[in-house]
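J.: Have a look at this one before I ask anything.
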Amino acid sequence: MVLTTQILRFGIVGLVSNAVLYGLYILATSMGIQHTVAMTAVFALGVLQTFVFNRRWSFAYRGPHGGAMLRYLISYAAAYAVNLTAMLLLVDVEGFSHRVVQAVMVVVVALFLFLAQRLWVFRSPPISV
């Protein structure tokens, strides 16, 4: 699949998913749920829903699902660690607004995850000759 098509489809999945998830994050924190707890819950929900859409539509992956899911979970674990670290350092230590930090991290994490998924998670299996 062409890179521009993958970027466009990944972007659509990401924009729709992140808009809904960011709304849930704002709702949860407005209800008094701690920002790191809300981010964690929203992140887990996002992992599950985007796997299906990105595997099938964004990257049209036809390889084994089990291995792809494991790689997907590993890439999201790394992204989660970066996101959580940013929240802890920039919000809890430096005092920045959790809403602004999380909004910026949506973009940072999306860039990382696109590259991870294109180059590793959903890379087409080698063709046997």
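Any read-out appearing in this document is the output of simple, stated calculations on the displayed coordinates, not a laboratory observation. Values in this document were obtained by computation on a predicted structure and should not be read as measured data. We place every Cβ from the backbone using ideal geometry, glycine too, and count neighbours over all the protein chains shown.
J.: Report the one residue of Ala78, Leu3, Gly32 whose Cα lies farthest in the direction of the positive end of the charge dipole of the chain (charges on C-beta: Lys and Arg +1, Asp and Glu -1; origin at the Cα centre).
T.: About the Cα centre, the residue reaching furthest to the positive side is Leu3.
J.: What nm distance separates the two modelled labels at Val100 and Leu70, each placed 7 Å from Cα along Cα→Cβ?
T.: Using points 7 Å along Cα→Cβ, the separation is 4.3 nm.
J.: Sticking with this one: Out of Leu88, Ser124, Gly66, whose Cα points farthest toward the positive end of the dipole of the chain (charges: +1 Lys, Arg; -1 Asp, Glu; placed on Cβ)?
T.: Of the options given, the answer is Ser124.
J.: Now for a separate question. When the Cα atoms of the chain are enclosed in a convex hull and the volume is divided per residue, what value in Å³ results?
T.: Dividing the Cα hull volume of the chain by its residues yields 94 Å³.
J.: Highest mean first, what order results for 88-96, 23-31, 114-122 on Cβ atoms within 10 Å?
T.: Highest mean packing first, the order is 114-122, 23-31, 88-96.
J.: What angle, in degrees between 0 and 90 and rounded to the nearest 10, separates the Cα long axis of helix 35-53 from the longest principal axis of the Cα atoms of the chain?
T.: In the chain, helix 35-53 runs at an angle near 20 degrees to the longest axis.
J.: Can you tell me how much longer the chain between Trp57 and Leu8 gets when fully stretched, taken as 0.36 nm per residue apart minus their C-alpha distance, in nm with one decimal? Intermediate values should be presented prior to the final figure.
T.: On the way: separation 49, 0.36 × 49 = 17.64 nm, distance 1.07 nm.
16.6 nm is the gain from fully extending Trp57 to Leu8.
J.: Right, here's the next one. Work out the length of the dipole vector of the chain about its Cα centre, built from +1 on the beta-carbon of each Lys and Arg and -1 on the beta-carbon of each Asp and Glu, and round it to the nearest 20 debye.
T.: About 600 debye.
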